[in-house]
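Asks: Please read through the structure below; I'll follow up with questions.
What follows draws every value from the coordinates through simple rules; no lab data is involved. It should be emphasised that the depicted structure is a prediction, and the values quoted were computed from it without experimental measurement. Here Cβ is always computed from backbone atoms with ideal geometry, including for glycine, and neighbour counts include all displayed protein chains.
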Amino acid sequence: MEEGAIVFLSGALIDVDSTLIFQLVLFFVLFFILRAFLFRPFLELIDAREKAIHGVLGEAKALANQAEAKAFQFDQEMKKLRAELLLEREKLRQETAALERDLIAQSKAEIEQMLQRADAELEQRKAEVRFELKKKMPQMVEAIVKRVIGEER
């Protein structure tokens, strides 16, 4: 053969002879051994991993649903508390307004009483001054007359 020449081999890719049976037996033996010790454990491992992933995903979804339910419940309780606080605030505002009205009425009544006492004291003082003036009037008239007469003379 020449150097650099391409050699074509003639012949079949697979020869059917006694080695074929040996190769088939060897293939099936190796296939069953690998299936028992490699393929099945590997597939079981993959199945277990998928189940674990699905289990974790299921737990995560359940926890997310629980969290959402608790958040909704929390929001509802907060709305209820806000409503109660608004009612309480309104009640306190009304009580404060009533107390304010009562205090104003009480103050007005006290002021009215003070004014009445002051008026009574003024009336009494006025009566006393009139009485004193009536008592002193003759003396005052006499003094005025003496002055007027004394000036005329």
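Asks: Per Stokes-Einstein, at 25 °C and 0.890 mPa s, what whole-number D in µm² s⁻¹ belongs to the chain, with the Kirkwood radius over Cα pairs as the hydrodynamic radius?
Replies: 80 µm²/s
Asks: Follow-up question, since we're still on this one. Note down the net charge around A83, summing +1 for each Lys or Arg and -1 for each Asp or Glu among other residues with Cβ under 14 Å from its Cβ.
Replies: The answer is 0.
Asks: How many lysine pairs does the chain hold where the Cα atoms are under 30 Å apart and the two sit 8 or more places apart or on different chains?
Replies: Total qualifying Lys-Lys pairs in the chain comes to 18.
Asks: Taking the Cβ of R125 as the centre, find all other residues whose Cβ is under 14 Å away and add up their charges (Lys, Arg: +1; Asp, Glu: -1).
Replies: Around R125, the surrounding residues sum to -2.
Asks: Now a separate question. Going by alpha carbons, how many degrees (0 to 90, nearest 10) lie between the helix axis of 18-34 and the longest principal axis of the chain?
Replies: Roughly 20 degrees, rounded to the nearest 10.
Asks: Sum up the charges of everything whose Cβ sits under 12 Å from the Cβ of I53, counting Lys and Arg as +1 and Asp and Glu as -1, but leave I53 out.
Replies: Taking every other residue near I53 into account, the sum is -1.
Asks: Given I111, F72, L43, which one lies farthest toward the positive end of the charge dipole of the chain, if we put +1 on the Cβ of every Lys and Arg and -1 on the Cβ of every Asp and Glu?
Replies: The residue sitting most towards the positive pole is I111.
Asks: Can you work out the Karplus-derived ³J(HN,Hα) for every residue in region 86-92? Use 6.51 cos²θ - 1.76 cosθ + 1.60 with θ = phi - 60°, whole Hz, and x for glycine or proline.
Replies: Residue by residue, region 86-92 yields 5, 5, 5, 5, 5, 4, 5 Hz.
Asks: In nm, what is the difference between 0.36 nm times the number of residues separating S18 and H54 and their Cα-Cα distance?
Replies: 7.9 nm
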